[in-house]
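Before any comments, here is the structure.
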Amino acid sequence: MLSGASAQMRKNQRLMVGVSVLPLSLLLSSCLGSSYRFVDHVTTAGESTFFKIPSSWSLFHDREIIQDELSTATPQSISQIESTNWANIFMGEPNAKLTKALGFESSVVVGLVRAEALSASARDTFSLASLRTLVLQVDPLTGTPPAGLSYKVLSYNEFVRPGGFRGSQLAVDIQIGKTKSSFIQDAVVDAQTNWVYVIAMGCSVSCFKSNQTQIQSVINSWNVKVVK
C-alpha cells in the first residue's frame, strides 16, 4: 500500500510488535493514577489526532522511534518522514525503554497511535476493510492469517464522526501458538481519503482483562478533528 519511508516504517513495526503488524509498535500498566497527560499531533492536512494517557506512563515520540530504528537518520530525513507518517508509542511502565522485543502477546499492555498520508494509488482502492488491515495486515473478518496465527473477532462496529471521518472499532483475540492475546483498535480515514489515523492496544488475555477499564479509557479519549 505504501512505499519509501513508509515502507521502512512498516518494516520497523513488524520488528517491534511481533504479531505481523505495519510501521512501528508499544506498553501500559494496571496502575492509572489520577493525573493524565494529553497527546496531540496536527498533520499537514490540518487534522488533529489526540488522546490522553496516565502521566505515569512512558511515552516515545516519533523522532525517538525513527532514530531508534534508523541509526543513519538525519534531521532532514526525519522531518520528511514526519510530514507523511507520524506515530507515538506509549508504555504503562514508568521509565520504560524502547525495545523491539515487545509484542501484543506481552504481559503488559502495548499501544500505538499513528497518522499516515495515503498515496494516490492507495486512495483509489482504500475502504473500511483497509482500516482493518492497518495493524494486523490481514483482515480478521475475511482474511486468512499467517501460519501459526489465528483471529477470533470479539466485536466490530463501523461509524461516521463529525468532519466526515469514517471508521471502525475492532476487538480481536489473537492466538499465536499456545499464547493468546487480546487486541483493540479504533481507526478512521478522513473525508477526502487522504489520511488514515489509528490507535491500537493489546496484551495477553489475562493482562487485557485486568486492564480493561484503563484500556477503554485511552481508546475512548482518542479522536481526530479538523482544526484548520
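The values are calculated or read from the model by the stated rules, or taken from the named source; none is laboratory data. This is a predicted model, so every value here is computed, not measured. So basically every Cβ, Gly included, is an ideal-geometry build from the backbone, and we count neighbours across all protein chains shown.
So in the stretch 66-92, with the set limited to residues that are touching a Leu at 6+ places or on another chain (Cβ under 6 Å) and at pLDDT below 80, which one is farthest from Ile215 (Cα to Cα)?
Filtering the stretch 66-92 for residues touching a Leu at 6+ places or on another chain (Cβ under 6 Å) gives 68, 87, 89-92.
Subset that is at pLDDT below 80: 68, 91-92.
Working: Asp68: 26, Met91: 12, Gly92: 11 Å.
The extreme case among them is Asp68.
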What residue, of Val153, Val160, is of a type outside the set (D, E, K, R), assigned to a strand (DSSP E or B), touching a Pro at 6+ places or on another chain (Cβ under 7 Å) and modelled with pLDDT of 95 or more? Val153
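Quick one: which residue in Val172, Val198, Val188 is part of a strand (DSSP E or B) and touching a Pro at 6+ places or on another chain (Cβ under 7 Å)? Before you say what the answer is, go through the steps one by one.
Details: Val198 fails: touching a Pro at 6+ places or on another chain (Cβ under 7 Å); Val188 fails: touching a Pro at 6+ places or on another chain (Cβ under 7 Å).
It is Val172.
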Could you check the stretch 19-47 and list, in sequence order, the residues that are modelled with pLDDT of 85 or more, buried (at least 17 other Cβ atoms within 10 Å of the Cβ) and either assigned to a strand (DSSP E or B) or of a type in the set (D, E, K, R) (or both)? Tyr36, Val39, His41, Glu47
Condition test on Asp173, is it among the charged types (D, E, K, R) and under 26 Å from Ser48 (Cα atoms)? no
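Name the one entry in Pro140, Pro145 that is surrounded by 18 or more Cβ atoms within 10 Å (Cβ to Cβ), on the phi < 0 side of the Ramachandran plot, more than 17 Å from the chain's Cα centre (by Cα) and not β-branched (Val, Ile, Thr).
Going through Pro140, Pro145 in turn, the sole match is Pro145.
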